[in-house]
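*Asks:* The structure's right below; bear with me while I get my questions together.
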Amino acid sequence: MDTNGASVTPLKLMIVDDSNIIRRRIERSQQIDRLEVVGAAGNGREAVAMFLRTQPDVVTMDLTMPEMDGIACVEKLVSLNPKVLILVVSALADKATAVEAIEKGANGFLCKPFTDRQLNDALAELLTVA
Amino acid sequence: MLKEAEIRTFVDGTTNFFVTSSQQAASVGSPYLVTDGKPGTYEYTGVIGISGSRKGIVYFTARRAMLTVLLMRMHETDSSEEIIKDLVGEVANTISGNARRDFGKNFIISVPTVIANELDKVIAPHSRSYVIPINWRTHSAKLVVCLE
């Protein structure tokens, strides 16, 4: 329900990170009512398979991962669904990497380490374009 | 050989990690140079390989007791061996990744390798390493930067 009592369609969230701690942390800490976690993947390859299966609207994406890295995965997911909203959540703090991720189709960038508030602010900002 | 400003990058990254992740600041001691190729480890070590513009390794090493408390401060209820190993790798990954803010995109970091309870398996690739001592609550840990 929104503040006027009208029902709000939930958005499906997929979490992609090779760290189990970070996957669990994002799932536990995200407080956006509209978001419903539909899956968590540990690398880019798993993420693509899960994306096809669960059709998420929103994705949090790590960059440094085995198998397929986050930049390649962003590009692949956007090619599968150009409307998907992707928040990159990465320790890679240089501007060039953030710019590259955005150019490949990501919609936002949150640098690790992050607080719960920073995560929720970043997700809320991402959803303003939804 | 690292410049003073480059060491400062890792000190700042370490400080930022603890205060942001655990909401409790760590006290970082004066970094010192080890020249015998044995900078030392504790029970759990997360190693990041560095390639590109710099070559070598960065590792974070700590005892289980510290990592368990850190997990609690992060509101993580699981303190299994798997999660402890994940944490030590993630600390190393985060501090190394943050260093790209100053070192640039060509400071390429690997995914973490975690070594537990096999202290002599952590091998510094060069004789000279900088050790950044970390004190957090009652616990001690180290960040070791060994770059060509």
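The values are calculated or read from the model by the stated rules, or taken from the named source; none is laboratory data. Values in this document were obtained by computation on a predicted structure and should not be read as measured data. Virtual Cβ from ideal backbone geometry, glycine too; neighbours counted across all protein chains shown. Areas reflect the complete protein model, heavy atoms only, side chains present, ligands, DNA and RNA absent. Shrake-Rupley method; radii C 1.70, N 1.55, O 1.52, S 1.80 Å.
*Asks:* Averaged across the residues of A:17-29, what count of C-beta atoms belonging to other chains lies within 10 Å of each residue's C-beta? Display every interim value, and only then the final one.
*Replies:* Values: counts 1, 6, 9, 9, 13, 6, 1, 7, 5, 0, 0, 4, 2.
The shielding value for this peptide is 5.
*Asks:* Extent of chain A along each principal axis, from alpha carbon coordinates, in Å, largest to smallest?
*Replies:* The principal-axis extents, from largest down, are 43, 30, 27 Å.
*Asks:* I would also like to ask the following. Counting alpha carbon pairs within less than 8 Å and at least 6 residues apart, what relative contact order, in whole percent, applies to chain A? Don't jump to the answer; show the numbers that get you there.
*Replies:* Working: 222 pairs, mean separation 28.9, N = 130.
Taking the mean separation of contacting Cα pairs over the length of chain A, I get 22 percent.
*Asks:* Ordered by packing density, taken as the mean number of other Cβ atoms within 10 Å over each peptide's residues, highest first, how do A:102-111, B:112-121 rank? Present the calculation step by step, with values, prior to reporting the outcome.
*Replies:* Numbers: A:102-111: 18.8, B:112-121: 14.9.
Packing proxy ranking, top to bottom: A:102-111, B:112-121.
*Asks:* Relative contact order for chain B using alpha-carbon pairs under 8 Å, separation at least 6, rounded to a whole percent?
*Replies:* Numbers: 300 pairs, mean separation 56.2, N = 148.
So the answer I get is 38 percent.
*Asks:* Averaged across A:87-96, how many Cβ atoms of other chains sit within 10 Å of each residue's Cβ atom?
*Replies:* On the way: counts 0, 0, 0, 5, 14, 12, 10, 11, 4, 4.
Counting other chains' Cβ atoms within 10 Å and averaging over A:87-96 gives 6.
*Asks:* How many partner chain Cβ atoms sit within 10 Å of a residue's Cβ in peptide B:63-74, on average, as a whole number? Present the calculation step by step, with values, prior to reporting the outcome.
*Replies:* Values: counts 0, 0, 0, 0, 0, 0, 0, 0, 1, 0, 0, 7.
For peptide B:63-74, the averaged partner shielding equals 1.
*Asks:* If one takes the accessible area of chain B alone plus chain A alone and subtracts that of the pair, with a 1.4 Å probe, what total in Å², rounded to the nearest 100, results? Display every interim value, and only then the final one.
*Replies:* Details: alone 7440 and 7060 Å², together 12520 Å².
Its buried surface, counting both partners, is about 2000 Å².
*Asks:* Divide by every residue of chain A the summed helix terms, -39500 (n - 2.57) for each DSSP H run of at least 4, and state the resulting mean residue ellipticity at 222 nm, rounded to the nearest 500 deg cm²/dmol.
*Replies:* On the way: 5 runs with 54 residues, N = 130.
After summing the helix terms and dividing by residue count, I get -12500 deg cm²/dmol.
*Asks:* Give the carbon-plus-sulfur fraction of the accessible surface of the stretch A:2-130 in %, rounded to a whole number; probe 1.4 Å, heavy atoms of protein chains only. Intermediate results must be reported in sequence, preceding the final value.
*Replies:* Details: 2820 of 5870 Å².
On the stretch A:2-130, the fraction of accessible area on carbon and sulfur atoms equals 48 percent.
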